[in-house]
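*Asks:* My structure is below; once you've seen it, I'll send some questions.
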Amino acid sequence: MPPELRDEIRCEVIAARRVATILELRPPWPGGSGHEWTAQPVARLSLEPTGLWSLCWYRRERWVRFEKAPTRTVHPLLRTVEANPYGVFWG
C-alpha cells in the first residue's frame, strides 16, 4: 500500500505450512465502539502436492479457485492478485 493510505487500509499475510492468506485490513469505523482493525480475506495461495502453487479468491465465506493455472512460483499469482482481473480480489 502507498504510504499515504496506511491509515486507511493495510495488507497483511498469514502464512501457514502450505498456505499463505492475503488479508485487507481497515480501521475501526468513526464513532464505532471497537478499536480493532477489521480483516477481510482477499486471496489464498496454496502449495499443492504436485509442488505447484494455486490461487483462490474469497466469495460468500468460502474460497473459490481462480481460473489461472497453478505455477511453480508464487510471483505470477501475486501479479494476478495485484492486477485484480474481474475485480474479485480487491472489490
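*Asks:* If we scan the stretch 24-44, do we find a residue that is more than 26 Å from LEU5 (Cβ to Cβ) and loosely packed, with under 14 Cβ neighbours inside 10 Å?
*Replies:* For the stretch 24-44, residues more than 26 Å from LEU5 (Cβ to Cβ) and loosely packed, with under 14 Cβ neighbours inside 10 Å: absent.
*Asks:* Shifting gears a bit: Would you check if there is a residue in the stretch 57-68 being in contact (Cβ under 8 Å) with a residue 60 or more places away in the chain and either surrounded by 15 or more Cβ atoms within 10 Å (Cβ to Cβ) or touching a Leu at 6+ places or on another chain (Cβ under 9 Å) (or both)?
*Replies:* no
*Asks:* Show the residue pairs meeting these rules: Cβ distance below 8 Å; 6+ apart or different chains; first residue within the stretch 35-48 and free of Cβ contacts under 8 Å to residues at least 24 places away in the same chain; second residue in a strand (DSSP E or B) and loosely packed, with under 14 Cβ neighbours inside 10 Å.
*Replies:* Matching pairs, first to second residue: THR38/ARG26; GLN40/ARG26.
Yes/no per residue for (1) under 25 Å from GLY87 (Cβ atoms); (2) of a type in the set (Val, Ile, Thr); (3) out of contact with any strand residue (DSSP E or B) (no Cβ under 8 Å at 6 or more places or on another chain):
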site	(1), (2), (3)
PRO3	yes, no, yes
ARG6	yes, no, yes
ILE9	yes, yes, no
GLU12	yes, no, no
SER46	yes, no, no
PRO49	no, no, yes
CYS56	yes, no, no
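*Asks:* Ok, one more. Tally time: how many residues in the stretch 48-72 are acidic (Asp, Glu) and in contact with a Ser or Thr (Cβ under 7 Å, 6 or more places away or on another chain)?
*Replies:* Number satisfying all stated conditions: 1.
Here, each number is a calculation from the coordinates, and none is a lab measurement. Keep in mind that what you see is a predicted model, and the values were worked out from it rather than measured. Don't worry about glycine lacking a Cβ; one is built from the backbone with ideal geometry, like all the others, and counts go over all protein chains shown.
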